[in-house]
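The values are calculated or read from the model by the stated rules, or taken from the named source; none is laboratory data. Bear in mind the structure is a predicted one, so any value in this text is a computation, not a measurement. Cβ placement follows ideal geometry from the backbone for every residue including glycine, while neighbour counts extend to all protein chains displayed. Just so you know, the surface numbers come from the protein's heavy atoms only, side chains and all, with ligands and any DNA or RNA stripped out. Shrake-Rupley method; radii C 1.70, N 1.55, O 1.52, S 1.80 Å.
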Amino acid sequence: MGHTSLEKIISLQRNPANIRNLCILAHVDHGKTTLADCLVASNGIISSRLAGKLRYLDSREDEQLRGITMKSSAISLHYSHGDQEYLLNLIDSPGHVDFSSEVSTAVRLCDGAVVVVDAVEGVCPQTQVVLRQAWLENIRPVLVINKIDRLVVELKLTSQEAYTHLKKILEQVNAVTGTLFTSKVLEERAGKEEEEKEGEKSSGDQVYDWSAGLEEVDDSHLYFSPDQGNVVFASAIDGWGFSIRHFAHIYSERMGIKEEVLLKTLWGDFYLSMKAKRIMKGAQVTQLGGLFVFTFFSLSPRPGRIQPHVGIKQEARPSDPASADLICLTLRCNVGRVVCLDFVLLLKQLAVCLTLFLHSWCFPAFLQCSSEEDAPVIVFVSKMFAVDAKALPQHRQRPLTQEEIAERREQARRRHADRMAAESHREPSHSESPEEEEEAKETFVAFARVYSGVVRKGQRVFVLGPKYDPAQSLSTVSPPLGCSASDDVSEIPHLSRCSMENLYLLMGRELEELQEVPAGNVLGIGGLEEFVLKSATLSTSPACPPFTPLNFEATPIVRVAIEPKHPSEMPKLVRGMRLLNQADPCAEVLIQETGEHVLVTAGEVHLQRCLDDLRERFAKIEISASEPIIPFRETVVRPPKVDMVNEELGKQQKVAIIHQVKEASQGRSSDTLHLDSSGLVTLTTPNRLATVGVRAIPLPQEATRLLESSSEVIRTLEQVNMSLREGKSLDISVRSLEAISDLKAQLESLLQGRKWRNAVERIWAFGPRRYGPNILLNSVEGYQRPSVWQCLSRGDKASEATALRDFDNSVVSGFQLAALSGPMCEEPLMGVCFSVERWDVQSAAPPQRQDSVEEDSTRHEATPESNVEGSSETSARVEGAAAGQSHARRRPEVAASSDCYGPVSGQLIAAVKEACRHAFQAQPQRLMAAMYTCEIMATADVLGRVYGVLGKREGRVLHEEMKEGTDMFTIKAVLPVAESFGFADEIRKRTSGLASPQLVFSHWEVISSDPYWVPTTEEEYLHFGEKADSENQALKYMNAVRRRKGLYVEEKIVEHAEKQRTLGKNK
């Protein structure tokens, strides 16, 4: 097919029924970009001889150097099948795990996906990830088993072995799909069972059903099978591929068998009986080659030839254009046309798979993918990407006419004359520099798809944020279904209005300007950089609900601090990091409390690309990056039952250790701090007006994981409680209430036992930042404060709001500060419950205090809300009516007054913080390290070297398994993030490139060693020595973090130094 003109693509865009949006998904180096080159070459955009070498959709320089895709890029292709013409919007996505966020942005805009699997390596870790992403977005996949020539050229498999190997690959892919399907069915089944239980309780009848519900659901259409037309066998580097349909058409003409019969029997346990002249079942029993084996892999006795029907010589590798042309002429099955044909036949209708993205109600125009004039415009922007301003169509150089050339010549002569006349000063040169800077500016283009209506250049639309609620705007914006310039939307949260200044057709490395784009097309939109940060929904109607957020598989975990080499260039760095944050869907930019500008990325390769973009595109300055900032968490554990040499600890030794900590704590501040043997820390404020007793308790691991995964629900809960305390009415969606109720029920099921009795109802706050995985419990006797779950009850909220004691918020603030930075190395706490068991407020100050202090304490005790049971003094001192009037007059001043130690609220915050820190130190302290899940594919020859590198870097192998039919092993291990930097390079060096790891953030894990451990028993002294100077991994990490933060590090640099002595005299 020749090159398709822009006018032809614009005409194809007007027929949504013949538009197919597809993306290419695969593990790294499985051939995605090579397959995309074949599809691009089928349109004549590049030469078919350069397909696989040019990597047309890898437009970045670092992509070409590394040989991997880092950015999703789109291109529009024309395909003809019969008398029908189709438009294929192809999106090539990365396969490296660091850039899986780019896969999420591509999958959201598509109807189908090409899942590419290497015929030798089979299903790899990232293959499972992309299959899960395609499943979550509800798009239709087609499987392409690529590099099947390697089965013969490299593995030297016979015909039957090659067929068996391909069959196992299909089973592996279908196993992943079956797991996803089963989990969905079981979730639906669980929801139905809850509804049935409620119905049984009301009726009184009990019916037990032990079936899982899988028998009732038909899942045959989900799996990949060649006879269903969703499997393609290909060699993309050679430009050829085929499916069962092609050979069924060929052999139906040669053998006189119906094409429908061949489609069902070419793949499977069927063989051709020459005697009966019919297709029979039982190829394995009769030990005859099946039809697929006979058709595709008939090997002659000479090992160098795949002979009868294909005609490719192994000596003349199909990368030779002559042999590639030979197979394409023989089968007429260019891989690009095969993939296009499968998508045209599988995806019959556009936009039928996208109903899951919107909420329960949506427009009929969206479901019909309508391009009518009255249809509302609905556009989803999945990401923003940066483009050099010179690459935009309006700034692109074009051929000049003779008149324009003469005019430019005259302008050049005029400028030269002016420059010669004003040679004494250099003003013209200075005026040109801003223009050059302006030309080099980066412009952002939105990567989007139109789901309804027709988008036109200059059209004004609403920008709907992910948290936008249409119910709030319908009463404010008028008219509700249109966009009026007179409406004021500034008061509506998560809603703004913008104009789409430019529309672009995405053609890989180039952009083409458009005037309008109908529904069903992928496009680029200019002029949204001030309104869209990363993703958003655009619509002409404020009644449109926003699309659900993207599902990101990778979590940003690698942090580095960035600073310019020249401090005067700090504004350029700040602007560059803001642009980088907008251009990358996964990168995060933070400013820490210390003032450091921190960049958070998904991995080493992602970090290097972001730093290169900062230097060369966005900031354009020299920058220096710190060593990666390793995140840790601090926690407490139960007291150990055995010591470091696995000897059982006696009670006397435990008591001695606790008393030792107690004496050390009392030695620091014995007048205000008290620590008893049970771990309860009692601390008094400096002015002796308040006393707080706190105990630290480790949370169960399941509860910690639940709180960590439910941070958004806890944040919503905190916003609701804050509005209730302020007396505001806040509408909560039913879905949010259900999520909060589920969180409470799960916490109640996890916090069981005597010490957790009624603990969920007594939760005071979550932390740090009010939504973290730590809990503050209210165990103060006689203090009944409003529950954090009060939004689930329908009681009188006004009466509940009056139950708060004075300075209640100060206790919460002290807890938040303590949870944000622990005592070990100022890292956030995780999995710790602080139980406040005592909170006394004295009613009067000592006699020697100032009058203002006495008045403060008197006011505090006279207030009804501040009366507390169990306080040390309960009498109020009122000196008569005149004194009461003066007290009332001075009450605002007294509330804000402070003694020599500062305000009472500030003292209480500091006291709670210090009490929490000392309670934390009274328990066995541990560090928690961030862990990667590491999956490595390696041959048996280098297996030992892989284990050596893992052992050196504190890795732990979980399991290994051998891929059947190959000599490849799959190793699954966990590796600390702190030890992962340089891990991939070291493994490649040690294994000569035969092993490549995939690192994905998995979880937080407690480091078993105690960073403060010293030998206490005789066995430990004998085993570790008196100094016990063997390497302590937790202590090493803790000291590294303290040294980076500028905290005191207790370490001995030189011990028992002696003067150097020489045996001989100097001559």
Looking only at region 138-185, which residues are in a helix (DSSP H, G or I) and either in the same structural domain as Y271 (by the TED database) or touching an Asp or Glu at 6+ places or on another chain (Cβ under 7 Å) (or both)? K168, F181
Which pairs have Cβ atoms under 6 Å, sit 6 or more apart or on different chains, and link a residue in region 961-984 that is aromatic (F, W, Y) to one that is open to solvent by less than 30 Å² (accessible area, probe 1.4 Å) and in a strand (DSSP E or B)? F969/A938
Are there any strands (runs of 3 or more DSSP E) wholly within region 559-630 with 1 or more residues that are among the hydrophobic types (A, V, I, L, M, F, W, C), within 17 Å of the chain's Cα centre (by Cα) and surrounded by fewer than 16 Cβ atoms within 10 Å (Cβ to Cβ), and if so which? 588-591
Index of the failed condition, P786 passing every other in (1) touching a Gly at 6+ places or on another chain (Cβ under 6 Å); (2) closer than 23 Å to I732 by Cα: (1)
Expected single match for under 20 Å from I169 (Cα atoms), surrounded by 20 or more Cβ atoms within 10 Å (Cβ to Cβ) and not assigned by the TED database to the domain that holds C610 among V107, V103, V123 is V123
Where the second residue is at pLDDT below 85 and among the aliphatic types (A, V, I, L, M) and the first is on the phi > 0 side of the Ramachandran plot and lies in region 776-789, which pairs have Cβ atoms under 9 Å and are six or more apart or on separate chains? G782/V868
Which condition number in (1) at negative phi; (2) at pLDDT below 90; (3) open to solvent by 30 Å² or more (accessible area, probe 1.4 Å) is the one that F807 fails? (1)
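So that you can scan it fast, the table gives a plain yes or no per residue for (1) more than 29 Å from the chain's Cα centre (by Cα); (2) open to solvent by 20 Å² or more (accessible area, probe 1.4 Å):
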position: S11; (1), (2): yes, yes
position: N15; (1), (2): yes, yes
position: H27; (1), (2): no, no
position: C38; (1), (2): yes, no
position: G52; (1), (2): yes, no
position: D58; (1), (2): no, no
position: T69; (1), (2): no, no
How do the helices (runs of 4 or more DSSP H) wholly within region 381-480 filter down when requiring 3 or more residues that are over 30 Å from I732 (Cβ atoms) and modelled with pLDDT of 70 or more: which remain? 402-421
Of all residues being among the acidic types (D, E) and not assigned by the TED database to the domain that holds P639 in region 912-964, which is surrounded by the most Cβ atoms within 10 Å (Cβ to Cβ)? Just the residue, please. E935
